Amino acid sequence: MADKISFEAPRGMRDFYPEDMVWRNKVFDAFRASGEAFGFEPYDACVVESYELLARKAGEEVGEQIYHFFDKSERHIALRAEMTPTLARMVAQRQKELRFPLKWTTIAQCFRYERMTKGRKREHYQWNLDIIGEDSVLAEAEVIGAAVDALKRMGLSSADFKVHVSSRKFLGELLQKSGITPEKHAQVFLALDKRGKMPDSEIAAMLRDGGLSEAEVEATFGIMDTKSYAGCAELEELFALAETAGFVDSLMFDISVIRGLSYYTGVVFECFDTAGEFRAIFGGGRYDNLLTTIGGEPTSAVGLGFGDVVVTELLKSRLGESAAAGKKGVAVGFMFPTERDAAVRLASRLRAEGERVDLALRPQKPKKFFSHADQSGASKAVFLGPDDVAKGVARMKNMETREETELCLT
Ligand code: HAM
(Lines give C-alpha, C1' and ligand atoms only; values in the text may rest on other atoms or scores of the structure.)
Protein backbone atom coordinates (compact mmCIF):
# COMPACT_ATOMS: atom_id res chain seq x y z
CA MET A 1 0.00 0.00 0.00
CA ALA A 2 1.24 3.49 -0.80
CA ASP A 3 2.33 5.75 2.08
CA LYS A 4 -0.51 7.83 3.45
CA ILE A 5 -0.46 11.33 1.95
CA SER A 6 -0.61 14.22 4.42
CA PHE A 7 -4.01 15.89 4.50
CA GLU A 8 -2.46 19.27 5.22
CA ALA A 9 -1.76 21.83 2.52
CA PRO A 10 1.97 22.34 1.84
CA ARG A 11 3.53 24.52 4.54
CA GLY A 12 2.46 28.14 4.26
CA MET A 13 -0.15 27.43 1.56
CA ARG A 14 -3.80 27.94 2.35
CA ASP A 15 -7.03 26.00 2.00
CA PHE A 16 -10.24 27.97 2.28
CA TYR A 17 -13.04 25.99 3.90
CA PRO A 18 -16.53 27.56 3.65
CA GLU A 19 -16.11 29.32 7.03
CA ASP A 20 -12.85 30.84 5.73
CA MET A 21 -14.50 31.88 2.47
CA VAL A 22 -17.04 33.92 4.43
CA TRP A 23 -14.16 36.07 5.70
CA ARG A 24 -12.35 36.12 2.40
CA ASN A 25 -15.50 37.31 0.65
CA LYS A 26 -16.10 40.01 3.26
CA VAL A 27 -12.58 41.34 2.68
CA PHE A 28 -12.67 40.98 -1.12
CA ASP A 29 -16.13 42.62 -1.29
CA ALA A 30 -14.70 45.67 0.49
CA PHE A 31 -11.66 45.71 -1.85
CA ARG A 32 -13.90 45.61 -4.91
CA ALA A 33 -16.40 48.16 -3.59
CA SER A 34 -13.69 50.68 -2.68
CA GLY A 35 -11.83 50.13 -5.96
CA GLU A 36 -15.06 50.88 -7.79
CA ALA A 37 -16.01 53.83 -5.58
CA PHE A 38 -12.63 55.42 -6.34
CA GLY A 39 -12.85 54.80 -10.09
CA PHE A 40 -10.21 52.08 -10.53
CA GLU A 41 -10.55 49.66 -13.47
CA PRO A 42 -10.05 45.96 -12.78
CA TYR A 43 -7.33 43.99 -14.60
CA ASP A 44 -5.71 40.59 -14.14
CA ALA A 45 -2.62 38.72 -15.32
CA CYS A 46 -0.86 35.37 -15.28
CA VAL A 47 0.45 34.05 -11.95
CA VAL A 48 3.56 32.66 -13.67
CA GLU A 49 6.14 35.14 -14.96
CA SER A 50 9.63 34.93 -16.43
CA TYR A 51 12.16 34.89 -13.62
CA GLU A 52 14.05 37.67 -15.38
CA LEU A 53 11.17 40.10 -14.85
CA LEU A 54 10.83 39.26 -11.17
CA ALA A 55 14.50 38.95 -10.18
CA ARG A 56 15.31 41.75 -7.78
CA LYS A 57 18.16 43.96 -6.82
CA ALA A 58 20.64 42.40 -4.37
CA GLY A 59 19.60 42.90 -0.76
CA GLU A 60 15.87 42.99 -1.37
CA GLU A 61 14.26 40.33 0.78
CA VAL A 62 11.52 39.57 -1.72
CA GLY A 63 14.16 38.55 -4.31
CA GLU A 64 15.32 35.71 -2.08
CA GLN A 65 11.73 34.58 -1.52
CA ILE A 66 10.75 33.94 -5.14
CA TYR A 67 9.49 30.46 -6.03
CA HIS A 68 11.21 29.66 -9.33
CA PHE A 69 11.85 26.67 -11.53
CA PHE A 70 12.71 25.62 -15.08
CA ASP A 71 9.91 24.39 -17.32
CA LYS A 72 10.29 21.46 -19.75
CA SER A 73 11.78 23.81 -22.36
CA GLU A 74 14.32 25.14 -19.83
CA ARG A 75 12.57 28.50 -19.50
CA HIS A 76 13.33 30.10 -16.15
CA ILE A 77 9.88 30.63 -14.68
CA ALA A 78 8.69 32.14 -11.39
CA LEU A 79 5.48 32.53 -9.42
CA ARG A 80 4.79 36.20 -8.84
CA ALA A 81 5.70 37.47 -5.38
CA GLU A 82 3.92 40.77 -6.03
CA MET A 83 1.97 42.31 -8.88
CA THR A 84 3.99 45.46 -9.54
CA PRO A 85 6.57 44.06 -12.03
CA THR A 86 3.74 42.39 -13.97
CA LEU A 87 1.77 45.63 -14.03
CA ALA A 88 4.86 47.45 -15.30
CA ARG A 89 5.28 44.82 -18.03
CA MET A 90 1.62 45.08 -19.10
CA VAL A 91 1.76 48.88 -19.21
CA ALA A 92 5.09 48.86 -21.10
CA GLN A 93 3.61 46.45 -23.66
CA ARG A 94 0.80 48.87 -24.54
CA GLN A 95 2.44 52.14 -23.59
CA LYS A 96 1.68 53.76 -26.96
CA GLU A 97 -2.04 52.89 -26.91
CA LEU A 98 -2.98 53.41 -23.27
CA ARG A 99 -4.42 56.70 -22.09
CA PHE A 100 -2.76 58.04 -18.96
CA PRO A 101 -3.23 58.45 -16.07
CA LEU A 102 -4.37 54.86 -15.66
CA LYS A 103 -6.10 53.75 -12.49
CA TRP A 104 -5.99 49.97 -12.29
CA THR A 105 -6.90 47.48 -9.58
CA THR A 106 -6.67 43.74 -9.05
CA ILE A 107 -6.74 41.08 -6.34
CA ALA A 108 -3.68 38.98 -7.10
CA GLN A 109 -2.57 35.69 -5.58
CA CYS A 110 1.12 36.04 -4.72
CA PHE A 111 3.73 33.55 -3.52
CA ARG A 112 6.73 34.24 -1.29
CA TYR A 113 8.94 31.69 0.37
CA GLU A 114 8.75 33.52 3.72
CA ARG A 115 9.89 32.62 7.16
CA MET A 116 6.49 31.86 8.63
CA THR A 117 5.39 34.30 11.30
CA LYS A 118 2.06 35.73 12.42
CA GLY A 119 0.46 37.41 9.43
CA ARG A 120 2.94 36.00 6.93
CA LYS A 121 2.12 33.00 4.74
CA ARG A 122 3.81 31.60 1.67
CA GLU A 123 0.78 32.47 -0.38
CA HIS A 124 -1.52 35.45 -0.01
CA TYR A 125 -4.00 37.53 -1.94
CA GLN A 126 -3.00 41.11 -2.43
CA TRP A 127 -5.33 43.88 -3.46
CA ASN A 128 -3.39 46.28 -5.67
CA LEU A 129 -4.33 49.84 -6.54
CA ASP A 130 -2.06 51.72 -8.91
CA ILE A 131 -2.18 55.06 -10.68
CA ILE A 132 0.24 55.21 -13.61
CA GLY A 133 1.21 58.43 -15.34
CA GLU A 134 0.43 61.04 -12.68
CA ASP A 135 2.99 63.25 -10.92
CA SER A 136 0.58 65.05 -8.60
CA VAL A 137 0.33 64.02 -4.92
CA LEU A 138 -3.41 63.69 -5.44
CA ALA A 139 -2.52 60.24 -6.82
CA GLU A 140 -1.05 59.26 -3.43
CA ALA A 141 -4.09 60.77 -1.67
CA GLU A 142 -6.48 58.75 -3.84
CA VAL A 143 -4.79 55.35 -3.37
CA ILE A 144 -4.44 55.86 0.40
CA GLY A 145 -8.01 57.21 0.60
CA ALA A 146 -9.34 54.12 -1.19
CA ALA A 147 -7.49 51.75 1.18
CA VAL A 148 -8.79 53.64 4.23
CA ASP A 149 -12.28 53.44 2.72
CA ALA A 150 -11.91 49.65 2.36
CA LEU A 151 -10.90 49.28 6.02
CA LYS A 152 -13.97 51.27 7.05
CA ARG A 153 -16.25 49.16 4.83
CA MET A 154 -14.88 46.09 6.62
CA GLY A 155 -16.09 47.57 9.92
CA LEU A 156 -12.94 49.20 11.34
CA SER A 157 -12.59 52.83 12.40
CA SER A 158 -9.68 55.27 12.32
CA ALA A 159 -9.09 54.36 16.00
CA ASP A 160 -8.13 50.82 14.90
CA PHE A 161 -5.40 51.68 12.39
CA LYS A 162 -3.04 54.39 11.19
CA VAL A 163 -1.33 54.90 7.86
CA HIS A 164 2.32 55.76 8.61
CA VAL A 165 3.61 58.04 5.90
CA SER A 166 7.07 59.26 4.92
CA SER A 167 9.03 60.19 1.80
CA ARG A 168 12.22 58.67 0.45
CA LYS A 169 12.91 61.98 -1.28
CA PHE A 170 12.67 63.80 2.06
CA LEU A 171 14.86 61.20 3.79
CA GLY A 172 17.31 61.42 0.88
CA GLU A 173 17.54 65.19 1.34
CA LEU A 174 18.19 64.79 5.07
CA LEU A 175 20.89 62.19 4.34
CA GLN A 176 22.47 64.46 1.75
CA LYS A 177 22.55 67.35 4.23
CA SER A 178 24.57 65.05 6.49
CA GLY A 179 27.05 64.48 3.67
CA ILE A 180 25.80 61.05 2.61
CA THR A 181 25.88 61.09 -1.19
CA PRO A 182 22.91 59.83 -3.27
CA GLU A 183 24.67 56.71 -4.63
CA LYS A 184 24.74 55.38 -1.05
CA HIS A 185 21.05 56.02 -0.40
CA ALA A 186 19.67 52.76 -1.82
CA GLN A 187 21.85 50.79 0.59
CA VAL A 188 20.88 53.08 3.49
CA PHE A 189 17.17 52.60 2.73
CA LEU A 190 17.50 48.80 2.69
CA ALA A 191 19.39 48.87 6.00
CA LEU A 192 16.95 51.27 7.69
CA ASP A 193 13.98 49.20 6.55
CA LYS A 194 15.29 46.44 8.83
CA ARG A 195 14.98 48.65 11.94
CA GLY A 196 12.84 47.01 14.58
CA LYS A 197 13.39 43.64 12.87
CA MET A 198 17.10 43.40 13.85
CA PRO A 199 19.33 45.09 16.46
CA ASP A 200 20.64 48.57 15.65
CA SER A 201 24.21 47.22 15.90
CA GLU A 202 23.56 44.99 12.87
CA ILE A 203 21.99 47.89 11.01
CA ALA A 204 25.05 50.00 11.77
CA ALA A 205 27.19 47.20 10.32
CA MET A 206 25.04 47.17 7.16
CA LEU A 207 25.47 50.94 6.86
CA ARG A 208 29.25 50.62 7.23
CA ASP A 209 29.21 47.90 4.54
CA GLY A 210 27.33 50.38 2.36
CA GLY A 211 30.33 52.74 2.58
CA LEU A 212 29.21 55.04 5.41
CA SER A 213 31.79 56.42 7.83
CA GLU A 214 31.29 56.15 11.60
CA ALA A 215 30.10 59.79 11.73
CA GLU A 216 27.67 59.18 8.87
CA VAL A 217 26.24 56.11 10.61
CA GLU A 218 25.65 58.22 13.70
CA ALA A 219 24.09 61.01 11.62
CA THR A 220 21.79 58.46 9.96
CA PHE A 221 20.49 57.23 13.32
CA GLY A 222 20.02 60.88 14.34
CA ILE A 223 17.90 61.52 11.23
CA MET A 224 15.65 58.62 12.26
CA ASP A 225 14.53 60.74 15.23
CA THR A 226 13.00 63.37 12.92
CA LYS A 227 9.45 64.06 14.12
CA SER A 228 8.23 66.65 11.63
CA TYR A 229 7.79 66.71 7.89
CA ALA A 230 7.87 70.54 7.76
CA GLY A 231 9.72 71.59 4.64
CA CYS A 232 8.74 68.49 2.68
CA ALA A 233 6.33 69.93 0.10
CA GLU A 234 4.87 66.60 -1.05
CA LEU A 235 4.03 65.46 2.48
CA GLU A 236 2.58 68.87 3.37
CA GLU A 237 0.36 68.64 0.31
CA LEU A 238 -0.60 65.03 1.02
CA PHE A 239 -1.72 65.84 4.58
CA ALA A 240 -3.66 68.87 3.32
CA LEU A 241 -5.42 66.76 0.67
CA ALA A 242 -6.23 64.06 3.24
CA GLU A 243 -7.79 66.79 5.41
CA THR A 244 -9.94 67.95 2.49
CA ALA A 245 -10.92 64.38 1.59
CA GLY A 246 -11.78 63.63 5.22
CA PHE A 247 -9.28 60.93 6.23
CA VAL A 248 -6.43 62.90 7.79
CA ASP A 249 -7.26 61.31 11.16
CA SER A 250 -6.03 58.03 9.66
CA LEU A 251 -2.59 59.44 8.71
CA MET A 252 0.58 60.06 10.70
CA PHE A 253 4.11 61.03 9.73
CA ASP A 254 6.68 58.34 10.52
CA ILE A 255 10.25 58.75 9.25
CA SER A 256 10.94 55.07 9.98
CA VAL A 257 8.72 53.91 7.11
CA ILE A 258 11.17 53.10 4.32
CA ARG A 259 9.69 50.02 2.56
CA GLY A 260 11.75 46.97 1.63
CA LEU A 261 11.40 47.33 -2.13
CA SER A 262 14.02 49.44 -3.88
CA TYR A 263 11.80 50.82 -6.65
CA TYR A 264 10.12 53.48 -4.48
CA THR A 265 11.23 57.04 -5.23
CA GLY A 266 9.00 59.40 -3.23
CA VAL A 267 6.15 59.13 -0.75
CA VAL A 268 6.10 55.75 1.01
CA PHE A 269 3.51 54.48 3.45
CA GLU A 270 2.54 51.49 5.54
CA CYS A 271 -0.64 50.89 7.53
CA PHE A 272 -0.52 49.34 11.01
CA ASP A 273 -3.08 48.51 13.68
CA THR A 274 -2.91 51.10 16.48
CA ALA A 275 -2.28 48.47 19.15
CA GLY A 276 0.85 47.40 17.27
CA GLU A 277 -0.16 43.73 17.44
CA PHE A 278 0.04 42.80 13.77
CA ARG A 279 2.35 43.13 10.77
CA ALA A 280 1.68 45.78 8.12
CA ILE A 281 -1.91 45.79 6.80
CA PHE A 282 -0.94 47.45 3.53
CA GLY A 283 2.01 49.26 2.05
CA GLY A 284 2.92 51.24 -1.02
CA GLY A 285 4.34 54.41 -2.42
CA ARG A 286 5.53 56.29 -5.48
CA TYR A 287 7.75 54.43 -7.94
CA ASP A 288 8.57 56.71 -10.84
CA ASN A 289 11.40 54.64 -12.40
CA LEU A 290 10.09 51.09 -12.55
CA LEU A 291 8.93 51.26 -16.15
CA THR A 292 12.30 52.51 -17.35
CA THR A 293 14.14 49.77 -15.46
CA ILE A 294 12.27 47.14 -17.49
CA GLY A 295 12.80 49.04 -20.77
CA GLY A 296 9.59 51.11 -20.97
CA GLU A 297 9.19 54.87 -21.40
CA PRO A 298 9.64 57.07 -18.29
CA THR A 299 6.31 57.07 -16.45
CA SER A 300 5.40 58.17 -12.96
CA ALA A 301 3.47 55.73 -10.77
CA VAL A 302 1.92 55.36 -7.32
CA GLY A 303 0.38 52.27 -5.82
CA LEU A 304 -0.20 49.97 -2.92
CA GLY A 305 -0.53 46.32 -2.02
CA PHE A 306 -3.04 45.30 0.66
CA GLY A 307 -2.89 41.63 1.73
CA ASP A 308 -5.81 39.57 2.96
CA VAL A 309 -3.98 37.74 5.77
CA VAL A 310 -3.24 40.49 8.30
CA VAL A 311 -6.52 42.33 7.84
CA THR A 312 -8.52 39.13 8.37
CA GLU A 313 -6.63 38.44 11.61
CA LEU A 314 -7.25 42.03 12.71
CA LEU A 315 -10.96 41.88 11.84
CA LYS A 316 -11.45 38.61 13.71
CA SER A 317 -9.76 40.07 16.77
CA ARG A 318 -11.66 43.38 16.69
CA LEU A 319 -15.10 42.25 15.48
CA GLY A 320 -15.24 38.63 16.69
CA GLU A 321 -14.85 35.32 14.85
CA SER A 322 -18.50 35.19 13.79
CA ALA A 323 -18.79 38.77 12.52
CA ALA A 324 -18.58 37.83 8.85
CA ALA A 325 -21.54 35.46 8.87
CA GLY A 326 -24.79 37.06 7.77
CA LYS A 327 -28.20 35.35 7.77
CA LYS A 328 -29.18 34.63 4.22
CA GLY A 329 -31.37 32.62 1.95
CA VAL A 330 -34.38 30.32 2.21
CA ALA A 331 -34.08 26.67 3.22
CA VAL A 332 -36.69 24.41 1.58
CA GLY A 333 -37.27 20.89 2.91
CA PHE A 334 -39.81 18.06 2.65
CA MET A 335 -41.00 15.19 4.83
CA PHE A 336 -41.52 12.24 2.44
CA PRO A 337 -40.55 11.40 -1.16
CA THR A 338 -44.15 12.24 -2.15
CA GLU A 339 -43.50 15.96 -1.40
CA ARG A 340 -40.20 16.11 -3.27
CA ASP A 341 -41.56 17.46 -6.54
CA ALA A 342 -43.58 20.15 -4.80
CA ALA A 343 -40.40 21.21 -2.98
CA VAL A 344 -38.45 21.30 -6.25
CA ARG A 345 -41.19 23.41 -7.86
CA LEU A 346 -41.24 25.83 -4.93
CA ALA A 347 -37.44 26.13 -4.93
CA SER A 348 -37.44 26.91 -8.68
CA ARG A 349 -40.14 29.53 -8.23
CA LEU A 350 -38.37 31.25 -5.33
CA ARG A 351 -35.05 31.21 -7.24
CA ALA A 352 -36.77 32.79 -10.25
CA GLU A 353 -38.01 35.51 -7.87
CA GLY A 354 -34.39 36.18 -6.89
CA GLU A 355 -34.17 34.29 -3.58
CA ARG A 356 -31.16 32.17 -2.64
CA VAL A 357 -32.59 28.74 -1.99
CA ASP A 358 -30.95 25.80 -0.27
CA LEU A 359 -33.11 22.82 -1.26
CA ALA A 360 -32.87 19.73 0.96
CA LEU A 361 -31.65 16.78 -1.06
CA ARG A 362 -33.56 14.08 0.82
CA PRO A 363 -36.68 13.71 2.99
CA GLN A 364 -36.21 14.75 6.62
CA LYS A 365 -38.01 14.97 9.91
CA PRO A 366 -39.12 18.58 10.59
CA LYS A 367 -36.95 18.91 13.72
CA LYS A 368 -33.81 17.92 11.86
CA PHE A 369 -34.65 20.21 8.93
CA PHE A 370 -35.20 23.29 11.11
CA SER A 371 -32.10 22.72 13.19
CA HIS A 372 -30.01 22.34 10.03
CA ALA A 373 -31.62 25.49 8.56
CA ASP A 374 -30.70 27.37 11.74
CA GLN A 375 -27.09 26.21 11.71
CA SER A 376 -26.59 26.95 8.04
CA GLY A 377 -27.59 30.58 8.59
CA ALA A 378 -30.82 30.56 6.56
CA SER A 379 -33.01 33.62 7.18
CA LYS A 380 -36.23 31.81 6.22
CA ALA A 381 -37.32 28.18 6.02
CA VAL A 382 -40.24 26.31 4.41
CA PHE A 383 -40.98 22.70 5.22
CA LEU A 384 -43.46 20.70 3.13
CA GLY A 385 -45.45 17.87 4.67
CA PRO A 386 -48.29 15.86 3.05
CA ASP A 387 -50.98 18.19 4.45
CA ASP A 388 -49.32 21.32 3.06
CA VAL A 389 -49.10 19.80 -0.40
CA ALA A 390 -52.72 18.58 -0.22
CA LYS A 391 -53.92 22.08 0.78
CA GLY A 392 -51.61 23.85 -1.65
CA VAL A 393 -50.44 26.20 1.12
CA ALA A 394 -47.22 26.10 3.14
CA ARG A 395 -45.76 28.25 5.94
CA MET A 396 -42.58 30.26 5.51
CA LYS A 397 -40.81 30.73 8.84
CA ASN A 398 -38.62 33.72 9.61
CA MET A 399 -35.72 32.10 11.45
CA GLU A 400 -34.92 35.18 13.51
CA THR A 401 -38.38 36.33 14.63
CA ARG A 402 -39.96 32.82 14.38
CA GLU A 403 -42.96 34.48 12.66
CA GLU A 404 -44.74 32.46 10.00
CA THR A 405 -46.38 33.66 6.79
CA GLU A 406 -48.51 31.66 4.39
CA LEU A 407 -47.16 30.72 1.00
CA CYS A 408 -49.31 29.48 -1.88
CA LEU A 409 -47.81 26.40 -3.57
CA THR A 410 -49.72 26.58 -6.80
P1 HAM B 1 4.68 44.68 0.11
O2 HAM B 1 4.82 45.61 1.25
O3 HAM B 1 5.77 43.71 -0.14
O4 HAM B 1 4.43 45.58 -1.19
O5 HAM B 1 3.32 43.87 0.28
C6 HAM B 1 2.11 44.58 0.43
C7 HAM B 1 1.21 43.90 1.44
O8 HAM B 1 0.99 42.55 1.04
C9 HAM B 1 1.75 43.79 2.85
O10 HAM B 1 1.52 44.98 3.57
C11 HAM B 1 0.91 42.64 3.38
O12 HAM B 1 -0.42 43.08 3.65
C13 HAM B 1 0.81 41.73 2.18
N14 HAM B 1 1.85 40.68 2.21
C15 HAM B 1 3.08 40.70 1.67
N16 HAM B 1 3.73 39.54 1.88
C17 HAM B 1 2.87 38.73 2.53
C18 HAM B 1 2.92 37.37 3.02
N19 HAM B 1 3.98 36.60 2.86
N20 HAM B 1 1.84 36.88 3.67
C21 HAM B 1 0.75 37.65 3.85
N22 HAM B 1 0.63 38.90 3.40
C23 HAM B 1 1.67 39.45 2.75
C24 HAM B 1 4.29 45.10 -2.45
O25 HAM B 1 4.17 43.92 -2.72
C26 HAM B 1 4.19 46.17 -3.50
N27 HAM B 1 4.24 45.53 -4.81
C28 HAM B 1 2.93 46.99 -3.32
C29 HAM B 1 2.75 48.03 -4.37
C30 HAM B 1 1.82 48.05 -5.36
N31 HAM B 1 3.50 49.11 -4.51
C32 HAM B 1 3.09 49.79 -5.54
N33 HAM B 1 2.05 49.16 -6.09
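Just give me a number: lysine pairs in region 54-169, eight or more positions apart or cross-chain, with C-alpha atoms less than 29 Å apart.
16
May I ask you to evaluate 6.51 cos²θ - 1.76 cosθ + 1.60, the Karplus curve with θ = phi - 60°, for each residue of region 204-219 and list the ³J(HN,Hα) values in order in whole Hz, giving x for glycine and proline?
Computed from phi, the couplings for region 204-219 are 4, 5, 4, 5, 4, 4, x, x, 8, 6, 4, 5, 5, 4, 4, 4 Hz.
Under the rule a/c < 1.5 gives rounded, and otherwise a/b versus b/c splits prolate from oblate, where does region 257-345 land using the Cα gyration tensor?
In terms of gyration-tensor shape, oblate.
For residue 81, what residues show an amide H to amide H distance below 5 Å, using hydrogens built from the backbone and excluding near sequence neighbours?
HN-HN under 5 Å from residue 81: 111.
Using alpha carbons only, how many degrees (0 to 90, rounded to 10) separate the axis of helix 308-319 from the longest principal axis of the chain?
With both axes taken from Cα atoms, the answer is about 60 degrees.
Find out how many positive minus negative residues lie around residue 118, taking Lys and Arg as positive, Asp and Glu as negative, among other residues whose Cβ is under 11 Å from that of residue 118.
+1
Round to a whole number: what % of the accessible area of the chain belongs to carbon and sulfur, probe 1.4 Å?
Result for the chain: 51 percent of the exposed heavy-atom area is carbon or sulfur.
List the residues, sorted by chain then number, that are 5 or more residues from residue 167 or on another chain and whose placed amide H is less than 5 Å from its amide H.
Residues meeting the criterion, in which the H sits 1.01 Å from N, are 268.
For the residue pair residue 367 and residue 16, what label-to-label distance in nm results when each label sits 7 Å from Cα along the Cα-to-beta-carbon direction?
With each label placed 7 Å out from Cα toward Cβ, I get 3.8 nm.
State the answer as a single residue: which of 322, 204, 276 lies farthest towards the positive end of the charge dipole of the chain, with beta carbon charges of +1 for Lys and Arg and -1 for Asp and Glu, about the Cα centre.
Highest projection toward the positive end goes to 322.
By per-residue mean of other Cβ atoms within 10 Å, what is the highest-first order of 122-130, 71-79?
122-130, 71-79
Antiparallel as a % of all DSSP beta bridges within the chain, to the nearest 5?
Roughly 75 percent of the beta bridges in the chain run antiparallel, per DSSP.
Among DSSP bridges having both ends in region 247-375, what percentage is antiparallel? Round to the nearest 5.
Around 75 percent antiparallel, to the nearest 5.
Count the lysine pairs in region 268-410 whose Cα atoms lie under 29 Å apart, taking only pairs 8 or more positions apart in sequence or on different chains.
Lysine pairs, 8 or more places apart or on different chains, close enough: 25.
Helix-only mean residue ellipticity at 222 nm, the chain, DSSP H runs n ≥ 4 weighted -39,500 (n - 2.57), per residue, nearest 500. What is it?
Counting only the DSSP helices, I get -10500 deg cm²/dmol.
Compute the accessible area per residue over region 287-364, keeping the other protein chains in place, probe 1.4 Å, unit Å².
Dividing the accessible area of region 287-364 by its residue count gives 50 Å².
If you count the DSSP beta bridges with both ends in region 330-408, what percent of them are antiparallel, to the nearest 5?
Once the DSSP bridges in region 330-408 are tallied, antiparallel ones form about 50 percent.
Within 12 Å, Cβ to Cβ, of residue 410, how many net charges do the neighbouring residues add up to if Lys/Arg are +1 and Asp/Glu are -1?
Charge balance in the 12 Å sphere: +2.
Given a 1.4 Å probe, how much area per residue of region 82-229 is accessible, in Å²?
44
Tell me the angle of helix 138-153 to the major Cα principal axis of the chain, expressed in degrees between 0 and 90 and rounded to the nearest ten.
With both axes taken from Cα atoms, the answer is about 30 degrees.
Would you tally the net charge around residue 279, using a Cβ to Cβ cut-off of less than 10 Å, leaving residue 279 out, and scoring K and R as +1, D and E as -1?
Result for the neighbourhood of residue 279: -2.
Sorted by packing (mean other beta-carbon atoms within 10 Å per residue), highest first, where do 393-400, 363-370 land?
Those peptides, ordered most packed to least, come out 393-400, 363-370.
Does region 170-229 come out rounded, prolate or oblate by the C-alpha gyration tensor, with a ≥ b ≥ c the root eigenvalues, rounded set by a/c under 1.5 and, if not, prolate when a/b is larger than b/c and oblate if not?
It comes out oblate by the Cα gyration axes.
Each residue of region 185-191 in order: what ³J(HN,Hα) in whole Hz does its phi give by Karplus 6.51 cos²θ - 1.76 cosθ + 1.60, θ = phi - 60°, with x for Gly and Pro?
5, 4, 5, 5, 4, 4, 5
For a quick protection proxy, order the peptides 173-179, 41-47, 204-210, 286-292 by their average other-Cβ count within 10 Å, most packed first.
286-292, 204-210, 173-179, 41-47
The values are calculated or read from the model by the stated rules, or taken from the named source; none is laboratory data. This is a predicted model, so every value here is computed, not measured. Reconstructed Cβ throughout: ideal geometry from the backbone, glycine too, with neighbour counts over all protein chains shown. These accessible areas exclude ligands, DNA and RNA; they are computed on the full protein's heavy atoms, side chains included. Shrake-Rupley method; radii C 1.70, N 1.55, O 1.52, S 1.80 Å.
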